[in-house]
Amino acid sequence: MPTLIKDGAIAADSWATSAETEDGQRPLLPPDTWRATEGGAALLLDGDAEPHDDFAHAPLIAIHFPEFKDGRGLSLATLLRTRHGFTGDLRAIGDVQPDLVHYLMRCGFTSFVLPDGRDTAVALRSVNVHRHYYQGSVTDPTPLFRSVARG
Amino acid sequence: MYRYDAYDQAFVDERVAQYRDQTARYVRGELSEAEFLQLRLRNGLYIQRLAPMLRVAVPYGTLSSTQLRMLAHIARHYDRGYGHLSTRQNVQFNWPDLEEVPDILAELATVQMHAIQTSGSCIRNVTTDEFAGVAADEVVDARPYCELIRQWSTAHPEFDWLPRKFKIAVNGAAHDRAAIAVHDIGLQVKRGAGGEVLVDVYVGGGLGRTPVIAELIRTDLPEAHLLTYLEAILRVYNRYGRRDNKYKARIKILVRAMGADSFRAKVDAEWEHGRDGAQTLTREEITRVAGHFQPPAYEPLTDQPDVLGDARLADVDFDRFVRRNVRAHRMPGYACVVLSTKQTGIAPGDVTDTQMEQVADWADRFGHGEVRISHEQNFVLPDVRQRDLPALFAEARSAGLGATNLGLLSNIICCPGGDYCSLANAKSIPVAEAIQRRFEDVDYQFDLGDLDINISGCMNACGHHHVGNIGILGVDKKGEEFYQVSLGGHSGHSGNEAALGEIVGPSFARAEVTEAISRILDTYVDNRVEDESFLHCFRRIGIAPFKERVYANAD
Ligand code: SF4
């Protein structure tokens, strides 16, 4: 079973964990279908999608990573958070790699689905690998040089 | 030079701990090959043809003597007693044990060094002029900007998983020794009318299989906006750069596909959002970082033409050393010295543990404890008192670092090639050696004058063959090693505009290469006018006479 991790802990909800919807799950819809659906549906985006302001109405946006080393979803997440007013749950799905979770979180993801066989404990640890980073991020826009007195 | 504060130190220490955990999980079979590959690359570890290769970052080519001694220790303790100076100013170890790499990184961290982002599809070590801070022709010291970029690009949340590797070079001198025209981003830092620092931004240059000279996309960017502007470029690249074909994934292909004007428009539109944001550099931060690069306490000296003149008359080799390997320093009585690693029979850039320690000692005794690595794979001592030059030369000569060949034929830039690199089409080191042997005569080399020969073992162009006056590229012809020769390339130093070499014609078997080079040199000698350099002669007469002579039937 894929594992959902949300706000730093193992969690469960009724959204699908991929483009495929299983029994009892609520679907993740690509933009065209999503726009044609009544409110309350979740949106599914590929990393190369263009972000739009109306996406802010979705309760959940899932960004699909075809490969963990494909960083487009990181830029897309950053834009949704910083430029298009999205404040709901932002979820990484697809090939999510546990050691890379700190990149996801700093780009504004709030949850992710770890595929089978990937180490949940590592993913939970990864969030706290570093106490400080040099540059600003979605979660902490202030770069180190503005937030502390440096030597 | 830059000294870590508690934040820098904590970051590298945490990174070592993280990588130690990743290595242990890999060894226990808990991390797949594909996952570990990406993680180890971002910590400098390649798996090469024969063994792992660890590439240690030497930020913008600057090392303290303490750091160099640590590299000597690593060479001795974890490797086979030598290391390799790379064309990107880094140091590579060819024989580390994969399981010992976390220990090596931990040792490096004790002297404020790391191997973060020295490989992989991320922002790599920033490079600059090896004479930054001391060059007589310097306008702005590039090192503080390099350090600001180093910090900004380290584990960037958004830009560590790019379509391909990404190289940034900064130049602050009148002559471009950083080759900014052939980098993904090249930055020229300069002064505006009021003395303020401005940046010209070039994008989309690169070597590799599609060599391109970069486009100028922004002039006169105020320094405060440097990072927000870089962020705009990187975001456009990260989102739109190709990921379906690794040969088309560099930013140069994107710039070309979009056209420089639309690319610039896209970046500017992106920048409108980020400009004046939190990442905008503050005066305090620029001043803080620049404060790490203040000149050392120079003695009030005067230039020493007499002392040097006598020594030069007494020793022809010392005279050659001064002519070729000693460069003008901004302070009277001082000099910048290049210690060449290019000795015939030694792979270009290879240095032993003992040599590293000797260089560190000279840096302490004759300078201010600082050493540079040049993209030509040599050591630079940036602050030598002129009166110490004879003593330094004598020691360097007996240590095997006294070759007086800077800028001459035998100072060959050469990648590790087929002897070490699993991507190679052909060996490069034996070709360099064959050329050095054939044209051993130092007088002949001096007579030829300035001549850059650059050799790469494959299209990836780590040996910068496109910008060699004579470039040699290993190619594979039905499983056999062949070499393609190009002429007239130039990386942009010494006031000549950067140019890519032109291929002279069909490639050569390894045994034919030196004969071809010999004919090329003869063509130059026969055609040159007065003191005309090889490059200028080539630019004047074109490739035809060279071609004709090289392929003339020898029978
Ligand atoms: S140019 Fe090719 S052969 Fe040489 S080091 Fe680079 S990848 Fe290896």
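The values are calculated or read from the model by the stated rules, or taken from the named source; none is laboratory data. These numbers come from a predicted model, not from an experiment. Using ideal geometry, Cβ is built from the backbone for each residue, glycine included, and neighbour counts are taken over all protein chains shown. To get the accessible areas, we keep the full protein, side chains included, count just its heavy atoms, and leave off ligands, DNA and RNA. Shrake-Rupley method; radii C 1.70, N 1.55, O 1.52, S 1.80 Å.
Quick notes on this one:
- Looking across segment B:14-46, just one residue is in a loop (DSSP other than H, G, I, E, B), without any contact (Cβ under 8 Å) to a residue 60 or more places away in the chain and open to solvent by less than 20 Å² (accessible area, probe 1.4 Å), and that is B:LEU31.
- Here segment A:65-79 is the region considered, the condition is being within 7 Å of another protein chain (Cβ to nearest Cβ) and not in a loop (DSSP other than H, G, I, E, B), and the residue that is surrounded by the fewest Cβ atoms within 10 Å (Cβ to Cβ) is A:THR78.
- Residue in segment B:365-374 that is among the basic types (Lys, Arg), more than 16 Å from the ligand (Cβ to nearest atom) and buried (at least 21 other Cβ atoms within 10 Å of the Cβ) present: yes
- Which listed residue is of a type in the set (Gly, Ala, Ser), away from the ligand (no atom under 12 Å from the Cβ), open to solvent by less than 30 Å² (accessible area, probe 1.4 Å) and touching a Phe, Trp or Tyr at 6+ places or on another chain (Cβ under 6 Å), from B:GLY400, B:GLY468, B:GLY488: B:GLY488
- For segment B:191-226, a residue qualifies if it is surrounded by 22 or more Cβ atoms within 10 Å (Cβ to Cβ) and touching a Pro at 6+ places or on another chain (Cβ under 9 Å), and the qualifying residues are B:VAL199, B:GLY205.
- Within segment B:251-270, one or more residues are among the polar types (S, T, N, Q) and away from chain A (no Cβ under 14 Å).
- When the helices (runs of 4 or more DSSP H) confined to segment A:92-151 are screened for residues that are open to solvent by 40 Å² or more (accessible area, probe 1.4 Å) and either over 25 Å from B:VAL16 (Cβ atoms) or more than 7 Å from chain B (Cβ to nearest Cβ) (or both), those reaching at least 2 such residues are found at A:120-126, A:144-147.
- Only one entry in B:ARG55, B:ARG88 is within 18 Å of the chain's Cα centre (by Cα), at pLDDT below 95 and open to solvent by 20 Å² or more (accessible area, probe 1.4 Å), namely B:ARG88.
- The set of residues from segment B:403-420 being surrounded by 23 or more Cβ atoms within 10 Å (Cβ to Cβ) and near the ligand (Cβ under 10 Å from one of its atoms) comprises B:CYS414, B:CYS415, B:PRO416, B:GLY417, B:TYR420.
- Residue match in segment B:47-59 (condition: at negative phi, within 11 Å of chain A (Cβ to nearest Cβ) and part of a helix (DSSP H, G or I)): no
- Tallying residues that are within 20 Å of the chain's Cα centre (by Cα), acidic (Asp, Glu) and open to solvent by less than 10 Å² (accessible area, probe 1.4 Å) within segment B:129-168 yields 2.
- Subset of segment B:425-463 [closer than 13 Å to B:THR344 by Cβ and either in the same structural domain as B:ARG209 (by TED's automatic domain parsing) or more than 16 Å from the ligand (Cβ to nearest atom) (or both)]: B:ALA434, B:ILE435, B:GLN436, B:ARG437, B:ARG438, B:PHE439, B:GLU440, B:ASP441, B:VAL442, B:GLN445
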